[in-house]
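The structure appears right after this line, and notes come after that.
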2 protein chains.
Amino acid sequence: MDLHLELGGDGSLRARCEHALRVAVRHLPVGTRLPPTRGLAAELGVSRGVIVEAYAQLAAEGYLLTRRGGGTFVAGGEPHANAGLIGQSPAKPAIAAPAAGEGGRGDTPGATQDVRARAPRFDLRPALPALDGAFRPAWGRALNRVLRATPDARLGYPDPRGEPELREVLAASLARRRGVLASADEVVVTGGLGPSLPFVWRLLAARGVKRVAIEDPCWPRLVATLERAGLEPVPTPVDEHGLATHALEDVGAVFVTPAHQYPTGAVLDPARRARLIAWARERGAFVFEDDYDAEFRYDRQPVGSLQGLAPDVVIYGGSTSKTLAPGLRLGWLVLPKGIRADTPAPPPVLDQLALADLITRGDFDRHLRHHRRLYQQRRQALLAALAARLPDHAITGAAAGLHAVLHVATDAHAARARAAEHGVALDAIDGRLIVGYANLPESQAPAAVEALAQALQK
Amino acid sequence: MDLHLELGGDGSLRARCEHALRVAVRHLPVGTRLPPTRGLAAELGVSRGVIVEAYAQLAAEGYLLTRRGGGTFVAGGEPHANAGLIGQSPAKPAIAAPAAGEGGRGDTPGATQDVRARAPRFDLRPALPALDGAFRPAWGRALNRVLRATPDARLGYPDPRGEPELREVLAASLARRRGVLASADEVVVTGGLGPSLPFVWRLLAARGVKRVAIEDPCWPRLVATLERAGLEPVPTPVDEHGLATHALEDVGAVFVTPAHQYPTGAVLDPARRARLIAWARERGAFVFEDDYDAEFRYDRQPVGSLQGLAPDVVIYGGSTSKTLAPGLRLGWLVLPKGIRADTPAPPPVLDQLALADLITRGDFDRHLRHHRRLYQQRRQALLAALAARLPDHAITGAAAGLHAVLHVATDAHAARARAAEHGVALDAIDGRLIVGYANLPESQAPAAVEALAQALQK
């Protein structure tokens, strides 16, 4: 038989021969006898040794069989048909245009598809902070300082609970900003809140928890993460004072967003905070405090964490996804002293050290202050535009976080779909639209509200 | 009562008052009545409004109760005693001295403690590549290019299977270097092999797998990852031709290191490769190919991946932990077309794009070529020193990877412990020491072997 090999561009002659042979062999029927090495070498203009080695290599890999009496044959197996990939040149270095993100809080099932199909004119999905890159200069400086200063030996396997410097800095910073009561020993670094939930559910399941109360309404994906971990989610009502703690059923843990309920925007009131903690202590239950956007409160100081009141029963979770950018994939848990566990997946060492550097130098706090003002202005612009164009629609929730809650008379999910058609991406729960404003510059608020109003009129 | 507040240094006057108050309240008995706002304000030299607001804030957080008739009291609860942390100044920016890494392949349970206690003179743990920082200039350039070029919108939530550019580049690069047969659609980016195993086990369990054959001996942590996922590990013998495929029992999947068995160093021979694939196809079983160090082969071309022969049954896993540095926490899986899944935790977007950039520009291949030469020299130096000082001890395993296998007549685990006392960190399995050489400069090989020999003589 004739074997037409195309010697690609990369690597040594020998490596290129092997490649070409591998590609060719994938298209040949099992048992096909390969041409003698001498003939193939002559045809390709390479030394026979190269071909002998290529045959031996593919025999070692299982593509070819060499019979003792002589002769080399295509070995058995049913390789896929897409062999064309082999030898393909690497992709271009260019960085592609942005794809619509997904995976964050506020990701209603099905919402992503709409958004991904074409980029929305107004991206009001509540999961996103301002993707304005404002933190990038400071982040770049922190990364470069860390790249220069970190000893080589630190780039071995990371500390299984997170780099000690970052845990120290987080303990101090969370104490200062959120009233969290923890030493570095209780802090575990994560790749964000979402990825750490399966890990938290496993910790709880290992302690006998079977049912977990969740706020109703809540982040839609929460239910799936619990079910996948074999835990039963128990929806518990939310009103204007947050989770209805008096309605808690027989559960081993509670998932709660006390500083700013997601999505209703309610703040858990003091009496309920106290009742929740007393309830948990009484029955040996756990409280998971999702402190996702508590940095942003516009009418007063942010309410301190529940964890600071009851570090013995509260598991506290946070991340940089709402303050810096979800793409950084950096978060943390604070565990009660009785629970000691390694993170399921420590983030890259350099990123951890860069975040520690960013916080220590005050750049993180400066970024927060700047964005608190920015979001407050964007929130006011959105509310003003809504009051002018949709005066009959109530707006509820605290002056906090990255989203407002707009009440609609029609089916909110249908309204969300129509809004998407009008170029406005947002989320919906029963009777309400969840409108993120972090990515809506003040000047665009009237146009975004106009598009939304037209969608609602249909 | 008198309340002696210490106003710390950071933040607004109001925030500092709140802090000081929170710290103080944590030390007071429940029900204690706080001083009137007017008196406290006068004592501290601040306006009364500041104290009123601080009391209101702590009431909202649940620390204080305000009675209608007047008076503010410490609320119930049993806060922890380590309240001193609050108000503590943030940690120093300095990057601490290296901690002994852990978590990698070759981590014998108990080995880490010895090593961590004091840094070993010779770190011959087999999990580690050369921690010489050789890739850092190129990595820094890639990161900085990506920092500059990546659009802001890309820093939202990452693609749940990994950034498309990196998946494209990995598909092409793995095809070229490892004969992997996949399009970007089958590639899933991970945070390293270890963190992705629970995810792989879940995928398999969801497909009815209950028992998984593992190589005996194998990476010690493998057993625990399987058991934690509710799967039964079934040890299967390994000889000089790799996994004894004829000894495979009734299992739904096999975990195998075909290019360079860990830890024995055997290479799975061609007949067994074919038999393993035929066996898996016949019974609808899966093969997990852990391709952890296959880039490094010193006597011939690396044996191509098993996945390239049977992409329909093989799940392929790799990472940059043995080629660049474990601290980068970047890896990948290649899934059969029938299995489509999101990664449990996508790495940071910028790191993913930096790796794509590094590979595309050829820096990754250059690094591999350089380190292949370096490790070959280090391996030769180690073997020469062993032959000179410990001539009676056999060395087995292919000329590949980052470790050699030294046979000892005494109890290998006891020998490992004695070696640790002599400043030599390495791993052990029955009758053998696993000696990593990636971090052992040629010039230090005789001294390291001398220390080891003294430990063995005891």
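Hey, which residue of B has the C-beta nearest the axis mapping B onto A, and what's the distance in Å?
Taking Cβ atoms only, the nearest residue and its distance are B:Ala345, 2.
At a Förster distance of 56 Å, what's the computed FRET efficiency of B:Asp299 paired with A:Ala119, Cβ-Cβ distance as r, to 0.05?
0.60
Compute the long axis of helix A:13-26 from its Cα atoms, compare it with the longest principal axis of the Cα atoms of chain A, and write down the angle in degrees, 0 to 90, nearest 10.
Here the helix axis deviates by roughly 80 degrees.
Residues with beta-carbon under 13 Å from that of B:Ala385, excluding B:Ala385: net charge, scoring Lys, Arg +1 and Asp, Glu -1?
Working: positive: B:Arg378, B:Arg379, B:Arg389; negative: B:Glu442, B:Glu450.
Summing Lys and Arg as +1 and Asp and Glu as -1 gives +1.
Find the relative contact order for the stretch A:349-458 and round it to a whole percent, using C-alpha pairs within less than 8 Å whose residues are 6+ positions apart.
Working: 121 pairs, mean separation 30.6, N = 110.
So the answer I get is 28 percent.
What residues of the stretch A:354-379 lie in the reach of a label at A:Glu442, counting those whose backbone N is under 11 Å from a point 7 Å from the Cα along Cα→Cβ?
Zone members listed by number: A:374-379.
How many nanometers, to one decimal and shortest first, lie between the label point of A:Gly133 and those of its other copies, if labels sit 7 Å from Cα toward Cβ?
3.0
Evaluate the charge dipole of the protein assembly as shown about its Cα centre and quote only its size in Debye, nearest 20, assuming +1 on the Cβ of each Lys and Arg and -1 on the Cβ of each Asp and Glu.
In total the dipole reaches around 1160 debye.
Using all C-alpha to C-alpha distances in the stretch B:275-388, build P(r) with 5 Å bins and read off the rounded percent in each one.
That works out to 2, 10, 15, 18, 17, 15, 11, 8, 4, 1, 0, in percent per bin.
Taking +1 at the Cβ of each Lys and Arg and -1 at the Cβ of each Asp and Glu, which of A:Gln457, B:Ala448, A:Ala274 sits farthest along the dipole of the protein assembly as shown towards its positive end, judged by Cα position relative to the Cα centre?
Projecting each Cα onto the dipole axis, the largest value belongs to B:Ala448.
For the stretch A:125-277, what does the relative contact order come out to in percent, with C-alpha contacts under 8 Å and a separation of six or more? Numbers along the way, then the final one.
Working: 151 pairs, mean separation 23.9, N = 153.
RCO, the stretch A:125-277: 16 percent.
How would you rank A:Ile429, B:Ile434, B:Ile359, going from fewest to most other Cβ atoms within 10 Å of each one's own Cβ?
Result, fewest neighbours first: A:Ile429, B:Ile359, B:Ile434.
Is the shape of the stretch B:385-458 best called rounded, prolate or oblate, per the rule: a/c under 1.5 gives rounded, else a/b larger than b/c gives prolate, else oblate, with a ≥ b ≥ c the square roots of the Cα gyration tensor eigenvalues?
Cα axes put the stretch B:385-458 in the rounded bin.
If you build the convex hull over the alpha carbons only and average its shadow over all orientations, what do you get for chain A? Give it in nm² to one decimal.
Quarter of the Cα hull surface area: 28.8 nm².
Dipole size in debye (nearest 20) for the stretch A:146-268 around its Cα centre, Lys and Arg Cβ +1, Asp and Glu Cβ -1?
340
What is the sum of charges around A:Glu450, taking Lys and Arg as +1, Asp and Glu as -1, for the other residues whose C-beta is under 13 Å from the C-beta of A:Glu450?
That sum, taken over residues with Cβ under 13 Å, equals +2.
With contacts defined as alpha carbon pairs under 8 Å and 6 or more residues apart, what's the relative contact order of the stretch A:233-290 in percent?
38
Which FRET efficiency, nearest 0.05, do B:Arg48 and A:Arg281 yield, Cβ-Cβ r, R0 45 Å?
So, using R0 = 45 Å, E works out to roughly 0.80.
Using DSSP, restrict attention to beta bridges with both residues in the protein assembly as shown and report what percent are antiparallel, rounded to the nearest 5. Mind showing how you got there, number by number?
Working: 50 of 88 bridges.
Just about 55 percent of them are antiparallel.
Quick one: net charge of B:Ala325's neighbours, Cβ under 11 Å, K/R +1, D/E -1?
Once all neighbours under 11 Å are counted, the net charge is +2.
Compute the angle between helix A:136-149 and the longest alpha-carbon principal axis of chain A, please, reported from 0 to 90 degrees and rounded to the nearest 10.
That helix lies at roughly 60 degrees to the long axis.
With each label point set 7 Å from Cα along the Cα-Cβ vector, what nm distance links A:Arg340 and B:Thr66?
Going by the 7 Å Cα→Cβ label model, 4.3 nm.
Output the Kirkwood hydrodynamic radius of the protein assembly as shown, Cα pairs only, in Å rounded to one decimal.
It is 29.8 Å.
How big is the dipole moment of chain A about its Cα centre under a simple scheme where the beta carbon of each Lys and Arg is +1, that of each Asp and Glu is -1, and everything else is neutral? Debye, nearest 20, please.
780
Put +1 on the Cβ of each Lys and Arg and -1 on the Cβ of each Asp and Glu in the stretch A:358-432; which of A:His370, A:Ala419, A:Ala384 then has its Cα farthest toward the positive end of the dipole?
Checking the options against the dipole of the stretch A:358-432, the answer is A:His370.
If the label for B:Asp216 sits 7 angstrom from Cα along the Cα-to-Cβ line, what are its distances to the same label in every other copy, in nm to one decimal, shortest first?
5.1
Could you give, in nm with one decimal, how far A:His4 is from each other copy of that position, shortest first, with labels 7 Å out from Cα toward Cβ?
Result for A:His4, in nm, nearest copy first: 9.4.
Put +1 on the Cβ of each Lys and Arg and -1 on the Cβ of each Asp and Glu in the protein assembly as shown; which of B:Pro233, A:Pro336, B:Asn439 then has its Cα farthest toward the positive end of the dipole?
So the residue furthest toward the plus end is B:Asn439.
Once each part is reduced to its C-alpha centroid, what is the distance from the stretch B:198-239 to the stretch B:263-280 in angstrom?
Using only Cα atoms, the two centres lie 18 Å from each other.
Modelling each spin label as a point 7 Å along the Cα-to-Cβ direction, I'd like the A:Ala244/A:Leu13 distance in nm, to one decimal.
If labels sit at A:Ala244 and A:Leu13, their model points lie 8.1 nm apart.
Please give the Cα centre distance for the stretch A:420-438 versus the stretch A:132-168, rounded to the nearest Å.
36
What aspartates and glutamates could a cross-link reach from B:Lys210, if we take a straight Cα to Cα line under 14 Å and drop same-chain neighbours fewer than 8 places away?
In chain and number order, the partners are B:Glu227, B:Glu232, B:Glu249, B:Asp250.
Going 7 Å from the Cα of B:Gln454 in the Cα-to-Cβ direction, what parts of the stretch B:397-425 have a backbone nitrogen less than 18 Å from that spot?
Inside the label zone: B:415-425.
Going by C-beta contacts inside 10 Å, put A:His393, A:His371, B:His4, B:His403 in order with the fewest on the left.
B:His4, A:His393, A:His371, B:His403
Only the coordinates and a few stated rules stand behind these numbers; no lab work does. Not measured: the values here are computed from a predicted model. Using ideal geometry, Cβ is built from the backbone for each residue, glycine included, and neighbour counts are taken over all protein chains shown.
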